[in-house]
Amino acid sequence: MNTKKELFDKLDGQQIEKFTITNDHDVSVSAITFGATLEEFNVPGPDGKPTNILVTVPTSEELMKNQFFCQAIGRTAGRISNGTFKINGKAYHVDQNEGTTTLHGGPHGFNTQIWDGAFDGDTIVFTKHINSSDDSFPGNIDVKITFSLNNDNELTVTFSGKSDADTLFNPTQHMYFNLSDGGDINGHSLQINADHYLELNSNKTPSGKKVAVDDTPYDFRDGQNLKVGIADMKAEVGHSYDEVFEINDHQDDEPIAKLSDPETGRSVSISSKRNALVVFTPDDLSGSNFMIGKGGPYMAIALEAQNLPDTPNHDDFGDVTLPAGEEKTYSIKYKVEF
Ligand code: G6D
């Protein structure tokens, strides 16, 4: 196992550092201190050269404009309806950044922060103290995000939070995958351990209804080719995937989802103890929402393991409260095979 720390670039005069871990099989991960962003998850390609299975943005400045690409997301992944919620009966209103909705922690979420980075042995450790006045969520919070890689080719991302007042904590890493050698994701197949998905309102906030996946393009239980799934979605629902799946109860060691590319033989299995996975297949990354210029349709699929979004506004969505003084830790494991 090897580690390396180097200068990535500069943002507003501040140094952005890049931390890399390489294992004994030439698998490597690199994370940068801006946005606690994963820039690389490399596997050896056919010619032995590192091949990044993530779709990323090459500079911090471009990342500012193209938010969320493989960045850490918090305090709350997904959408909070009207930026409003209650904790123990007390109402809170946080900053909105998508019309009346708070998306991915709002305008000052984890992805907009420059983190303090260090190695702890082979593990990349990013820490940040975020004041309530910085991101408008209740409580000043101490957050730690770690990235570790083992010789079984497993990347584990761990989020820990501790706040001085009751708050919400539902973090994720906004991974965008493409397992091909320069192609799109049409040939990939996806398996998800989910019997239900969430019905969404027109602004993509949950209506509160959980819908069975049976006989719909949302049924990934036995694996489904993405080209077929996206075509069925367009025909039956009118758009590509930007969906929230409720993960079934499962054993800790049972992956919640697996993305595979039969052409290259690469796959990523995702393990998480939490109850949701967001699947997002943007039509075109060079469109109006994305400006990274990696044109062409279906160049990436986002897979975001998290708790169901808008949790406090729905009785049966679970609990993402982080009570004052308590520490909560969530891990997401990505096992790559190639
Ligand atoms: C999320 O579900 C959302 C999308 O709607 C959003 O555009 C993206 O993050 C950036 O996955």
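The values are calculated or read from the model by the stated rules, or taken from the named source; none is laboratory data. For clarity, every value in this text was computed on a predicted model and none was experimentally measured. For neighbour counting, all protein chains shown are included, and Cβ atoms are generated from backbone atoms with ideal geometry for every residue, glycine included.
Applying the selection to segment 81-97, what residues are out of contact with any His (no Cβ under 8 Å at 6 or more places or on another chain), polar (S, T, N, Q) and under 19 Å from Gly318 (Cβ atoms)?
Listed by number, the residues that qualify are Ser81, Asn88.
Could you check segment 73-104 and list, in sequence order, the residues that are in contact with a strand residue (DSSP E or B) (Cβ under 6 Å, 6 or more places away or on another chain), within 13 Å of the ligand (Cβ to nearest atom) and not basic (Lys, Arg)?
Within segment 73-104, Ile73, Thr76, Ala77, Ile80, Asn97, Thr101, Thr102, Leu103, His104 meet the criteria.
Against the conditions (1) surrounded by fewer than 22 Cβ atoms within 10 Å (Cβ to Cβ); (2) assigned to a loop (DSSP other than H, G, I, E, B); (3) without any contact (Cβ under 8 Å) to a residue 40 or more places away in the chain, where does Tyr218 fall short? Just the number, please.
Result: Tyr218 fails condition (1) only.
Asn203 - would you say it is modelled with pLDDT of 95 or more, of a type in the set (S, T, N, Q), within 19 Å of Pro312 (Cα to Cα) and part of a loop (DSSP other than H, G, I, E, B)?
Yes, satisfied.
In the list Asp195, Asp166, which residue meets the criterion of being of a type in the set (Asp, Glu) and more than 17 Å from Thr76 (Cα to Cα)?
One residue alone meets the criteria, Asp195.
For residues in segment 223-257 being of a type in the set (D, E, K, R) and within 16 Å of the ligand (Cβ to nearest atom), which is farthest from Ser271 (Cα to Cα)?
Across segment 223-257, the extreme among qualifying residues is Asp242.
In segment 1-79, which strands (runs of 3 or more DSSP E) lie fully inside it and hold 2 or more residues that are crowded, with 20+ Cβ neighbours inside 10 Å and under 18 Å from the mean Cα position of the chain (by Cα)?
Per the criteria, 28-32, 37-44.
Can Asp152 be described as out of contact with any His (no Cβ under 7 Å at 6 or more places or on another chain), closer than 21 Å to Gln15 by Cα and acidic (Asp, Glu)? Please lay out each step first, then the result.
Details: out of contact with any His (no Cβ under 7 Å at 6 or more places or on another chain): yes; closer than 21 Å to Gln15 by Cα: no; acidic (Asp, Glu): yes.
No, not satisfied.
Need a quick list: strands (runs of 3 or more DSSP E) entirely within segment 235-338 having at least 1 residues that are among the charged types (D, E, K, R) and surrounded by 18 or more Cβ atoms within 10 Å (Cβ to Cβ).
Those strands (runs of 3 or more DSSP E) span 242-246, 257-261, 266-272, 301-306, 327-337.
Name the one entry in Thr158, Thr146 that is in contact (Cβ under 8 Å) with a residue 60 or more places away in the chain and β-branched (Val, Ile, Thr). Don't jump to the end; show me each part of the working.
Working: Thr146 fails: in contact (Cβ under 8 Å) with a residue 60 or more places away in the chain.
Sole residue among the options that is in contact (Cβ under 8 Å) with a residue 60 or more places away in the chain and β-branched (Val, Ile, Thr): Thr158.
List the residue pairs whose Cβ atoms are under 7 Å apart, where the first residue sits in segment 98-121 and is in contact (Cβ under 8 Å) with a residue 12 or more places away in the chain and hydrophobic (A, V, I, L, M, F, W, C), the second is part of a strand (DSSP E or B) and within 16 Å of the ligand (Cβ to nearest atom), and the two are 6 or more positions apart or on different chains.
These pairs meet every condition: Leu103/Arg79; Phe110/Ala72; Phe110/Ile73.
Say we look at segment 153-177 and pick out the residues that are closer than 18 Å to Pro309 by Cβ and not in a strand (DSSP E or B); which of these is farthest from the ligand (Cβ to nearest atom)?
Looking at the filtered set, the residue picked out is Phe169.
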